[in-house]
Amino acid sequence: MEKGFTLIELLAVIVILAVIAVVTIPRLQEVLFESQDNTYNLLVTRFENKANDYIADYNLSNQVITGVPLDIYISDLIEQGYIEEDELEDPRDAKKTIQKETSYIRFTLENGVLNYKAHIVVK
């Protein structure tokens, strides 16, 4: 009697592995994309926090008037040392970067509360 697997047994194993791959690969891609989006959102939050620090350090919050926003550009944050140039790579696509000259954090005053929101341009 010969030792080994029959063709049917080998095909059955291949089919089982194929089914496992079909089920897991899309989920792995989804997890990867989710992770990249979360990293991007953390980066944007970091920029917002650094812009908030910039506003506090230079006492600029009193320049924000109801209806008149104050924009702090990413290039200003780099020039003043709040963030580094190498932080501008988009974690979702390494070929793209955040544009420092056109991306900014907008501060507004609404009902006596200072709010801020990032406006990020990626190319």
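Annotations for the structure displayed:
- If you go through region 47-69 and keep only what is under 26 Å from the mean Cα position of the chain (by Cα), over 19 Å from Ala94 (Cα atoms), assigned to a helix (DSSP H, G or I) and touching a residue at least 24 places away in the same chain (Cβ under 8 Å), you end up with Glu48, Lys50, Ala51, Asn52, Asp53, Tyr54, Ile55.
- Of all residues in region 62-79, exactly one satisfies the criterion of being of a type in the set (S, T, N, Q) and within 17 Å of Gln99 (Cα to Cα), namely Ser75.
- For region 67-123, a residue qualifies if it is polar (S, T, N, Q) and closer than 23 Å to Phe33 by Cβ, and the qualifying residues are Thr97, Gln99, Ser103.
Yes/no matrix, rows are residues, columns are (1) surrounded by 14 or more Cβ atoms within 10 Å (Cβ to Cβ); (2) on the phi > 0 side of the Ramachandran plot; (3) charged (D, E, K, R):
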site	(1), (2), (3)
Ile14	no, no, no
Ile25	no, no, no
Tyr40	yes, no, no
Asn59	no, yes, no
Gln63	no, no, no
Gln80	yes, no, no
Ile83	yes, no, no
Arg106	yes, no, yes
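Taken together, the values in this text are just the output of simple stated rules run on the coordinates, not laboratory data. No experiment lies behind these values; they were computed from the predicted model shown. So basically every Cβ, Gly included, is an ideal-geometry build from the backbone, and we count neighbours across all protein chains shown.
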